[in-house]
Structure formats: structure tokens, C-alpha cells
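Here is the structure we will look at, set down as C-alpha cells.
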There are 2 protein chains.
Amino acid sequence: MTHVFDEATTVEKLDSADRYTVRATTHPAYNNMVGPFGGITAATVVRAVSDHPDVLGDPLALTINFAAPIAEGEWELALEAIRTNRTNQHWTFTIGQNDQIVATGTAVFGVRRETWADTEGDAPQLPPVDDVPATDFPDFIAWARNYDKRFVTGSLEAASDDSTSTLWLRDEPPRPLDFPALTSMTDAFFPRVFLRHGTYMPAGTISLTTYFHATRDELAAQGANSVRATARGTRFGNGHFDQYGQIWGDADVLLATTHQLVYYKDAAQ
Amino acid sequence: MTHVFDEATTVEKLDSADRYTVRATTHPAYNNMVGPFGGITAATVVRAVSDHPDVLGDPLALTINFAAPIAEGEWELALEAIRTNRTNQHWTFTIGQNDQIVATGTAVFGVRRETWADTEGDAPQLPPVDDVPATDFPDFIAWARNYDKRFVTGSLEAASDDSTSTLWLRDEPPRPLDFPALTSMTDAFFPRVFLRHGTYMPAGTISLTTYFHATRDELAAQGANSVRATARGTRFGNGHFDQYGQIWGDADVLLATTHQLVYYKDAAQ
């Protein structure tokens with residue numbers, strides 16, 4: 001049986017276009033309050049590049065800018081490898097819908113080679129996943145039902161002066177982790193202004209950047225186990241805030257780091 | 001007298017191109033070990049977008065991917081505003097040199113409006129700038145001579161198990177802070193692998209993302225005073241590491257946050 005994540009990130013190659021273009025379709029299971037969950041859109045890009053016949057290696061970096069809401073239905077992703085070096089490859093992409101550009105971005109793929117290695121910073125020390133209750137988001141956040149979320153700090157139950165959320169996170173139903181799924185998880189934190197205010201507000205990601213630290217072997221070792229995800233905003237003001245996050249796997253392997261800029265509106269506006 | 005930073009980020013509009021294109025020229029004062037310092041290239045992009053006749057507002061986000069070394073001499077920057085919304089504007093850009101693409105990226109500009117605001121996290125508490133001695137980088141890092149750098153932690157004098165550098169930083173000679181100068185400062189940390197190893201190694205930024213939190217008024221208030229800059233790498237391995245950084249101004253105003261992915265090579269390769 002195909003996992004709903006794989007259904008939602010499936011694309012079809014379009015032969016007619018002058019650039020390498022694929023067609024994707026929004027999936028109701030990953031709807032957000034307005035349009036699709038940004039994480040599933042980003043994951044679709046990573047999957048489409050990974051499946052490109054000329055791809056070199058695995059994802060290293062992704063930036064996606066959400067320029068306009070994506071409507072339910074079909075959208076087109078045009079991909080271009082603008083430069084291929086010996087160990088890395090630079091991509092640009094454009095997402096169009098109804099003859100309008102709704103998103104743009106860049107990706108870097110590359111080959112990982114063994115070098116001196118170390119991880120700084122501490123993986124969140126959390127109670128065992130089975131000791132933390134799973135929480136649901138409200139029904140109007142459809143995409144969140146595809147994640148098993150166990151908040152240790154920063155759930156949406158009360159306003160907090162600290163915008164940090166730290167949780168156990170995995171696909172629901174469980175699914176072996178791969179680069180597209182990891183991409184989506186780096187956007188699976190609800191907007192930090194919700195946590196600061198203890199309520200929902202108009203907010204949306206403007207720009208998301210994810211760096212992939214995991215190797216294929218590390219993802220295979222992680223399998224379908226829950227990861228530890230943590231994110232925090234630093235400065236909120238003038239209609240925008242940043243969010244920095246990390247995704248940690250078993251054995252304290254840092255799988256990804258991520259940084260995003262989010263738009264929000266408050267009652268004063 | 002024109003400041004060397006302004007000389008180095010000057011561009012000239014090319015009328016012949018089919019896209020809006022400007023010509024820049026590398027400036028020897030901002031050379032790095034190989035090619036120009038990435039910060040000055042990023043700053044030139046921000047200045048060129050800011051000077052575009054159709055620009056909306058001020059910089060919110062910038063991502064630049066360095067696909068190949070830029071050689072000394074002229075380069076061309078093609079800019080496109082792919083979507084202008086009511087309060088923000090999405091740009092894509094390509095940097096070409098000798099008919100090759102050497103860098104690509106995206107920028108988001110926009111209008112800042114007053115909203116609920118707060119800053120989390122702590123500004124680095126440092127001794128007064130005049131109590132910290134200025135340090136020089138070796139002569140072959142030309143660009144660093146255009147910065148007054150006063151390291152409180154993480155100078156390059158000894159290997160460290162912690163890749164954090166925290167310093168007072170300003171243009172040298174002093175220059176009032178603006179968005180291009182702030183952009184450049186977010187790339188002014190030397191590669192974190194140098195600090196971990198206590199020595200220089202082949203390394204270079206692959207992708208740099210900066211979020212601009214400062215308002216124009218905050219930049220004006222900062223003037224030419226030194227900012228507090230701090231950066232740290234989290235995971236080093238397989239030829240890459242990430243670096244997360246913050247730039248703090250007077251009165252503990254967070255001016256910018258930044259995240260970059262860096263390539264490195266060690267003796268084992």
C-alpha cells in the first residue's frame with residue numbers, strides 16, 4: 001500500500017515543456033489552513049530533483065521561497081541544473097500554477113566523502129517516546145494528522161514566553177525516513193507566534209532553508225523511528241520572525257538544521 | 001571620499017541585456033584566498049536589488065549559492081522580480097562570468113509594519129569594545145583588513161573544541177551600517193573548521209542565507225558603532241558543516257540571523 005506521503009509527493013514528467021518540468025498535484029491530506037503545507041511542497045521538490053536522470057548525489061541544501069498561496073489542484077515544477085561540479089550540483093527551480101509563479105528556490109546536491117567529523121551542541125534529552133503522549137492539532141490543520149507528534153515542551157496548549165518547541169516526531173503511519181520526508185519534517189513546527197500567543201494567528205512561511213547533514217546510511221539506520229525535533233524563534237517584530245530548528249536522530253545523529261522566515265499579522269493590523 | 005566598501009559594491013546597469021542586468025567588478029581590497037570574499041558578493045546583490053527602480057521596501061531574506069569560484073575582474077548580475085505582492089517582493093538572480101553561471105540565489109524584500117514584537121535569546125555580554133584588542137588575519141586574507149575585529153572568544157589563535165566565535169565587528173574605516181554592509185558582516189566569520197583545527201584548510205561557503213531583522217531606523221541608530229557578532233557550527237562531517245550566526249546591535253537589537261553551509265577538505269582527502 002502506498003504511504004500517503006508518497007502519494008502526495010508524486011510527480012509526472014511533462015514532455016512538452018522547454019525546461020525539465022514535472023506536474024504535481026496538491027493532496028488534501030496535506031492541506032494547511034490556506035493551501036498546502038509548505039513542508040510537502042518542499043519535499044516534492046527534493047523528491048523531483050532526486051529522481052532527475054542527471055542528479056549528482058544527495059541533497060545538501062534547499063531554499064524555497066513561497067511567493068503566493070498555492071491553490072488546491074495541479075502545479076508545475078520547472079527544474080534546472082545550472083552547474084555540475086565534481087562533487088556538487090546547483091539547481092534552481094520555479095513553481096507555477098495557472099501561469100503565475102507561486103514559489104522559487106534553489107537546491108544544492110552533492111557527494112558526501114569521509115572527512116574529520118564532530119557534532120557540537122546537545123541533542124535534546126527527552127523521556128522515551130512511549131512515555132510522552134501524542135497530541136493532535138485542530139482538525140483544520142489537515143497535514144498534522146500525518147505526523148505523530150509528542151511534545152515535551154512548547155505544545156500549543158498555553159501561551160509561553162519561550163517560543164521553543166521540542167518534540168518526538170515521525171510520519172503517521174510510520175514510514176522509513178528518507179530525504180523528502182526529512183525535508184517535510186523541517187517545516188513541521190507550527191508558527192512560533194502561535195506558541196507565544198497561545199492561539200492561532202494569520203502566519204505563513206516566506207522562505208525556508210534546510211541543510212541536510214544525514215547520510216543515506218544514517219537515514220536507513222533511523223528507519224521509521226521518531227526523531228527529536230526542536231525549533232525556536234529569535235526576533236519577532238514588524239510582521240516577521242525567524243525560526244531556527246534541528247532534527248536529531250537515534251544515537252544523537254544531527255540529521256538536519258533549518259532556518260525559516262515567517263510572516264504574521266496580529267490584531268493591531 | 002568614497003569608502004572602499006562602496007567602491008567594491010558599485011554596479012553599472014547594462015542596457016543591452018534582455019533581463020535587468022548590472023555589471024560588477026571584483027575589488028582587490030575584498031579578495032579572499034580564492035576569488036572575492038563571499039560577503040562582498042552578497043552585499044553587491046543586496047545593493048543592486050535595493051537600487052532597482054521597482055524595488056519594494058527593504059531586504060527581508062537573501063540566499064546566495066556559490067556554484068563556482070568568481071575570478072578577479074568583471075561579473076554580471078541578472079535580477080528578476082518574479083512576484084510583487086502588497087507587502088513583499090520575490091527576486092531571483094544569477095551571477096555570470098565569462099558565459100558561465102557562477103552563483104544563483106533568491107531575495108525577498110518587503111515592507112515592515114508595526115506588530116507585536118519580542119526578542120528571545122540573549123545578546124552576547126561582552127567587555128566594552130575599547131577593552132578588547134583588535135586582531136589581524138594573515139595578509140593573504142585581504143578582505144579582513146576592511147573589518148575591525150575584536151574577538152572575545154574563538155579567535156584563530158588556538159584550536160578549540162567549541163567552534164563558537166564571538167566578537168565586536170565593524171567596517172574599517174568606520175562606516176554607517178546599512179543593509180549591504182550588514183549582509184557582508186553575516187559572512188565575516190572565518191570557516192569554523194579553522195577554529196576547530198587551529199589552522200587554515202581548504203574551505204568555502206556553498207550556500208548562505210541571511211534574514212534581516214533590522215529596520216532602517218535601527219540601522220541609522222547603530223551608525224558606525226561596532227556590532228556583536230557570534231557564530232557556531234553544529235555538525236561537521238562528510239566534507240560539509242553548517243554555521244548559524246547572529247548580529248546584535250546597540251541596545252540589544254538583533255539586526256540579522258544567518259545560516260550557511262560550508263565545504264571543507266581535510267588532509268585525509
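The values are calculated or read from the model by the stated rules, or taken from the named source; none is laboratory data. Here the structure is a predicted model, which is why all the values come from computation and not from measurement. Methodologically, a virtual Cβ is constructed for each residue, glycine included, from the backbone with ideal geometry; neighbour enumeration extends over all protein chains shown.
Total residues in segment B:142-155 satisfying the condition of being modelled with pLDDT under 95 and in a loop (DSSP other than H, G, I, E, B): the figure is 1. Considering segment A:72-104, the residues that are more than 8 Å from chain B (Cβ to nearest Cβ) and assigned to a loop (DSSP other than H, G, I, E, B) include one that is nearest to B:I64 (Cα to Cα), namely A:R86.
Does B:I64 satisfy the condition of being under 17 Å from the mean Cα position of the chain (by Cα), in a strand (DSSP E or B) and more than 7 Å from chain A (Cβ to nearest Cβ)? When the stated conditions are applied, B:I64 passes them.
In segment B:157-183, of all residues being of a type outside the set (A, V, I, L, M, F, W, C) and closer than 16 Å to B:Y211 by Cβ, the one that is farthest from the other protein chains (Cβ to nearest Cβ) corresponds to B:P180. Within segment B:1-45, being in a loop (DSSP other than H, G, I, E, B), hydroxyl-bearing (S, T, Y) and touching a strand residue (DSSP E or B) at 6+ places or on another chain (Cβ under 8 Å) holds for B:T9, B:T10, B:T26.
The residues of segment A:207-245 that are polar (S, T, N, Q) and within 14 Å of the chain's Cα centre (by Cα), listed by number, are A:S207, A:T209, A:T210, A:T230, A:Q243.
Taking (1) assigned to a loop (DSSP other than H, G, I, E, B); (2) within 14 Å of chain B (Cβ to nearest Cβ) in turn, A:A107 satisfies each apart from (1). Being crowded, with 17+ Cβ neighbours inside 10 Å, aliphatic (A, V, I, L, M) and outside any loop (DSSP other than H, G, I, E, B) is a property that A:A181 has.
Out of A:D139, A:D162, report the one residue that is in a loop (DSSP other than H, G, I, E, B), of a type in the set (D, E) and touching an Asp or Glu at 6+ places or on another chain (Cβ under 7 Å). So the residue among A:D139, A:D162 that is in a loop (DSSP other than H, G, I, E, B), of a type in the set (D, E) and touching an Asp or Glu at 6+ places or on another chain (Cβ under 7 Å) is A:D162. Tell me, please, whether a residue that is more than 21 Å from A:L177 (Cα to Cα), in contact (Cβ under 8 Å) with a residue 12 or more places away in the chain and hydrophobic (A, V, I, L, M, F, W, C) can be found in segment A:32-52. Yes, segment A:32-52 contains at least one residue that is more than 21 Å from A:L177 (Cα to Cα), in contact (Cβ under 8 Å) with a residue 12 or more places away in the chain and hydrophobic (A, V, I, L, M, F, W, C). Being assigned to a loop (DSSP other than H, G, I, E, B) and either more than 12 Å from chain A (Cβ to nearest Cβ) or of a type in the set (D, E) (or both) is the filter here; which residues of segment B:110-133 pass it? Listed by number, the residues that qualify are B:E114, B:E120, B:D122, B:P124, B:Q125, B:L126, B:P127, B:P128, B:V132, B:P133.
Quick one: in segment B:216-245, which of the residues that are β-branched (V, I, T) and touching a residue at least 24 places away in the same chain (Cβ under 8 Å) is farthest from A:Y244 (Cα to Cα)? Looking at residues that are β-branched (V, I, T) and touching a residue at least 24 places away in the same chain (Cβ under 8 Å), I get B:V227. Among the numbered conditions (1) within 12 Å of another protein chain (Cβ to nearest Cβ); (2) of a type in the set (F, W, Y); (3) crowded, with 21+ Cβ neighbours inside 10 Å, the only one that B:Y244 does not meet is (3). If I ask for residues that are assigned to a helix (DSSP H, G or I) and within 14 Å of chain B (Cβ to nearest Cβ), which ones from segment A:184-222 would you list? Hits for segment A:184-222 are A:R192, A:V193, A:F194, A:L195, A:R196, A:H197, A:R216, A:D217, A:E218, A:L219.
Each row is one residue, and each column tells you yes or no for (1) touching a residue at least 40 places away in the same chain (Cβ under 8 Å); (2) surrounded by 21 or more Cβ atoms within 10 Å (Cβ to Cβ); (3) of a type outside the set (S, T, Y).
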{"position": "A:I64", "(1), (2), (3)": "yes, yes, yes"}
{"position": "A:V102", "(1), (2), (3)": "no, yes, yes"}
{"position": "A:W116", "(1), (2), (3)": "no, no, yes"}
{"position": "A:F151", "(1), (2), (3)": "no, no, yes"}
{"position": "A:S160", "(1), (2), (3)": "no, no, no"}
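Only a single criterion out of (1) part of a strand (DSSP E or B); (2) facing another protein chain (nearest Cβ under 10 Å); (3) more than 21 Å from A:D122 (Cβ to Cβ) is not satisfied by A:R232, namely (3).
Of A:A256, A:A251, A:A224, all but one fail to be in contact with a Leu (Cβ under 8 Å, 6 or more places away or on another chain), surrounded by fewer than 20 Cβ atoms within 10 Å (Cβ to Cβ) and aliphatic (A, V, I, L, M); the exception is A:A224. The residue list B:F109, B:F137, B:F93 contains one member that is surrounded by 15 or more Cβ atoms within 10 Å (Cβ to Cβ) and at pLDDT below 95, which is B:F137.
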